[in-house]
Every structure is written in C-alpha cells, then in structure tokens.
1. Does any residue of the stretch 243-255 turn out to be under 28 Å from E318 (Cα atoms), in contact with a Gly (Cβ under 8 Å, 6 or more places away or on another chain) and in a helix (DSSP H, G or I)?
2. Report yes if T123 is surrounded by fewer than 18 Cβ atoms within 10 Å (Cβ to Cβ), in contact with a Gly (Cβ under 7 Å, 6 or more places away or on another chain) and of a type outside the set (G, A, S), otherwise no.
3. Condition first: crowded, with 23+ Cβ neighbours inside 10 Å, closer than 25 Å to V294 by Cα and over 13 Å from the mean Cα position of the chain (by Cα). Now tell me which residues in the stretch 215-234 satisfy that.
4. Kindly evaluate V294 against the criterion of being in contact (Cβ under 8 Å) with a residue 60 or more places away in the chain, assigned to a strand (DSSP E or B) and not aromatic (F, W, Y).
5. Quick one: how many residues across the stretch 259-284 are farther than 22 Å from A182 by Cα and not in a helix (DSSP H, G or I)?
6. For the stretch 24-132, give me every one of the helices (runs of 4 or more DSSP H) that falls completely inside it and has 1 or more residues that are farther than 28 Å from Y328 by Cα, touching a Pro at 6+ places or on another chain (Cβ under 6 Å) and not basic (K, R).
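Computed from the coordinates by the stated procedures, all read-outs in this text should not be read as laboratory data. Not measured: the values here are computed from a predicted model. Reconstructed Cβ throughout: ideal geometry from the backbone, glycine too, with neighbour counts over all protein chains shown.
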Amino acid sequence: MRVLIAPDKFAGTLTAVQAADAIAEGWRRHAPGDELDLAPMADGGPGFVDVLHAALGGELSAVTVGGPHGASVPAVVLRVGDTAYVESAQAAGLHLVDGDPETATSRGVGELVLAAVDAGARTVVVGLGGTGTNDGGAGLLAALGATADAVLDAGPAALSGVGDVDLSAARERLAGVTLVAASDVDIPLTGLFGATKTFGPQKGIAEERIAEVDGWLEAFATATDRRTSLDKGAGAAGGIGYALLVLGASREPGIDLVAAAVSLAERAGRSDLVVTGEGAFDFSSRAGKVPYGVAGVASEALRPCIALAGQVLVGSREMRALGIESAYSLVELVGEERAYAAPAEALADLAQRVARTWSR
C-alpha cells in the first residue's frame, strides 16, 4: 500500500518535518511493507521556509533583523534561482512579542524583504502567518523607505494620528521586483471581520482595546489605500498582507504554493491513501489551512484522506465537509499531558493505531 503523509506543524510541539517523521515511524510499526511518501506541508506560517527548502533545495542565507520590540532576531532567506522565500513569523512571530502588542512592529519583515532583494532576488515570496504584530504592516513599509506624519515602526499605537503616508520611496526600492503574499487567511485589514477583531485577542490585545486599535488601522488605511484594505488577505499577519498588497504584491494561498512546490497532486495520484494533520483540527481549518488544502488535492486525485491531530474539534459531518474521511485525536488517545510532554512518541503511537484500520 502506498501512503502519502502530508501534515502541517503541530503548533508548539512539532515541526511539519518532525510530525511527518513521527507518523511514518508509527505507521511502519504496524505496516512495515507499506510504501510511505513524506511531504511535510505549510500554509505560509511558521515552518514555511523549512518545508520549501526540503522540497526545492536552494541556498539558505542567515540574516539578523529587528524583532517586534527592536531586539535583534535571527532569520533566514531561502534563494532558489532568482526567487527568494521569507517567513514573517521569523521576524515578527507571536513568540517574539515580549512587551505591549500595541507597540509591536513588523519592521523586521521589511528588513527580511530587503535582505532578499539585496541578495539579487527578482521575486520575493513572503509567508504570512503566526505573527504577533498588528500594525497593518506599517513597520514593513518603514523598513522599505515609506515615510509619514506619524512613526510607522512603533506598532499600531503610533498610528493614532496618522494623516499622510508616502510610499514612493518603498515602491522605488522594489522597482523590478515581484512580490507574492503567501497567505493562509482571507480577511480584510479592518472592521468586524478584520485583523484586530479576528486575531487581536490571541496576540494579547485586550477585548476592551479592540475597537480603538482597529480605529488606528482604519486611519492608517485611509492615509494609504482604503480600497486595498478591504481586499481578501489584507488582514493576514496583522496587516502585513495589506502592506504587501499596497506595494503591488499578488496574493496566493500559502497551501497552494507549497502544494505546487512539493508536487502534491502528482504524489497523491500515486498513493492509495493520504494522511494529513495539524495541532488542532477544527472548522477554521477550512480557511486555507493545510488539512483542508491537502484533502482537496486528495479529492481531485480520487484518494481518501484522513487526519491525525492534537485535538479534533469537529464532528463527522463537519469533518466530511472539509474533505476528511476520519480524524483521530492525539489527546483522546494518550491524554493532554503526554501529548505535550512527548509529542513525537505519542503521534507515532497514534499513527500505529490508525494504520491498523487503514493499512491493507
């Protein structure tokens, strides 16, 4: 039997590569004769560059950029020919925010883009997701040379009185460079379904502060490009998507970009079963997340798709709406404590049990 193993990261515990290895290890315990094809996946968030490097090869260059509160943080640029791939979470990740989220800046992401351009890239693909900033991408624009009558790289709080933004220097700096925003969400920048309302609380913005912070981003959008702020994906990564769009970037779902890079459709067609997974499998998985994307590819190839997850938070009807035949919970099998204490071992145990049902 041929099994394609294509999981996302299990956030906070396993990278996508580690998750694929653990699933393969457990599967082999029960079905050592099965042919396993490992294709770790990403949707633009943490792990994006690692997954693409594993699939495409290329050259990794280490750089140092400013973090959300100014401290230097390490990051990498992946060069494949004249295309560079960078990951916003490396410069502005939630794990890097160690102060007030209202003063956290995305400037480091702009510095990453500059590093890619300075290295000769003619196309720069920016993976969006997993960030702790919510500044509308103002910091990114500042790093590229944008100016304003307010401070652009001091977080959303500094945008409270913004009235005029000049993007000409930033656009000139990127002349001849194609930008691609690899986004796993399609929300606008502001409003009831915007970046602040949707993801602000998980970034530490208090509920009672949501309206005011959203108002600052409204002012920023009015001063730059109000129409673009309403586009799908403008609210990705706390508005870094918006900054890229106003600089002329095209938007591509991160899962689609990675799926193409790893030839997922062809590999699914050669398989009898597709196995995917992520930390929490819930209905939000439909919004550009890896399991939904992988299940779609499996469906096109007329192959069944199952999911292994840290937690399964949907019922069978919702599961099938997402294209998943069955989903299996790590926490349900081994308990929450062990799932976090020994995640690779626990995931291997779950895969071994699932193989009893699905392997021939």
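1. Within the stretch 243-255, one or more residues are under 28 Å from E318 (Cα atoms), in contact with a Gly (Cβ under 8 Å, 6 or more places away or on another chain) and in a helix (DSSP H, G or I).
2. Details: surrounded by fewer than 18 Cβ atoms within 10 Å (Cβ to Cβ): yes; in contact with a Gly (Cβ under 7 Å, 6 or more places away or on another chain): no; of a type outside the set (G, A, S): yes.
No: the conditions fail for T123.
3. A234
4. no
5. Count: 6.
6. Correct list: 88-92.
Table: residues versus (1) touching an Asp or Glu at 6+ places or on another chain (Cβ under 7 Å); (2) surrounded by 20 or more Cβ atoms within 10 Å (Cβ to Cβ); (3) of a type in the set (S, T, Y); (4) within 18 Å of G204 (Cα to Cα).
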{"position": "L56", "(1), (2), (3), (4)": "no, no, no, no"}
{"position": "P68", "(1), (2), (3), (4)": "no, yes, no, yes"}
{"position": "A75", "(1), (2), (3), (4)": "no, yes, no, no"}
{"position": "L78", "(1), (2), (3), (4)": "no, yes, no, no"}
{"position": "A84", "(1), (2), (3), (4)": "no, yes, no, no"}
{"position": "E87", "(1), (2), (3), (4)": "no, yes, no, no"}
{"position": "A92", "(1), (2), (3), (4)": "no, yes, no, yes"}
{"position": "H95", "(1), (2), (3), (4)": "no, no, no, yes"}
